[in-house]
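A.B. asks: What follows is a structure written as structure tokens; I'll ask about it next.
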Amino acid sequence: MTALGFLYPGHAAEDDYPRIEQLLGSDIRVELVHTDIGEDAHRVDTLRGAGSPERLAAGLEELRLAGAEAVVWACTSGSFVHGWEGAHEQVRGLALAAGMPASSTSFGFVHALREIEVRRVAVGATYPDDIARLFADFLRAGGAEVTAVRGAGITTAAEAGAWGERELFALARAADSPDVEAVLLPNTALHTVAHIPALEKELGKPVLTANQVTAWQCLRLTDRRVNAPELGALFTREPVVQV
């Protein structure tokens, strides 16, 4: 049995995680702890505050008692707003406080792109344009070629969590173009897990979503590989050997 630990900000699309656990199989357990986000607003200052060391550390004891073997800060914007170096400092501090391997959703996207050997991508983000551009900058720092960024202007996690299939597919279509190899949909407040196979079928390419890559990144930290086609192309490929 492998226990995966997640620190999830507030309440929005956390029901994606029981679904992920079901799709991963009987020997994977998902442990999720909610963190305090303060003000629900997609602004740089509030997002940095949501991912502060104090707020993240508050949920770690519960994950340790649950037997988590690794922990991921399940928040895209609460990590990339710190920039490339700042996001590294954030997860280093988290790993030290947790006493176990740690990462964040933003790094999950970067490592997932390397896993599926994709560089040229488009971003469809629920965020306001300025926050969406910061995510694109983070991806570029990680080696991706971001050709297009489509922001939806949503300013709260609560609003993103209320989106359904229609809005999700419209965002993915608006972001996509024939020249990109994958479409990325950040924001762990967005319900995506039930729709990944249909999204990939419609677009004809891999689709990486925030809760999907968060789970994959935590598995990666525990050296586990699970074949789960219902979680998309990311969960069906052989590992890429990094030189």
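The values are calculated or read from the model by the stated rules, or taken from the named source; none is laboratory data. Predicted, not measured: the structure shown is a model, and the values here were computed from it. For neighbour counting, all protein chains shown are included, and Cβ atoms are generated from backbone atoms with ideal geometry for every residue, glycine included.
A.B. asks: Quick one: PHE135 ticks every box in (1) in a helix (DSSP H, G or I); (2) surrounded by fewer than 22 Cβ atoms within 10 Å (Cβ to Cβ) bar one, so which box is it?
C.D. replies: Only one criterion is unmet by PHE135, namely (2).
A.B. asks: Right, something else. Across the stretch 75-92, what is the number of residues that are of a type in the set (S, T, N, Q) and touching a strand residue (DSSP E or B) at 6+ places or on another chain (Cβ under 6 Å)? Explain how you work it out, then say what you get.
C.D. replies: Let us first name the residues in the stretch 75-92 that are of a type in the set (S, T, N, Q), namely 76-77, 79, 90.
Keeping just the survivors that are touching a strand residue (DSSP E or B) at 6+ places or on another chain (Cβ under 6 Å) gives 79.
Number of matching residues: 1.
So that you can scan it fast, the table gives a plain yes or no per residue for (1) assigned by TED's automatic domain parsing to the domain that holds PHE80; (2) crowded, with 16+ Cβ neighbours inside 10 Å; (3) in contact with a Leu (Cβ under 9 Å, 6 or more places away or on another chain):
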site	(1), (2), (3)
ARG140	no, no, no
ARG150	no, yes, yes
ALA182	no, yes, yes
ALA189	no, yes, no
ILE196	no, yes, yes
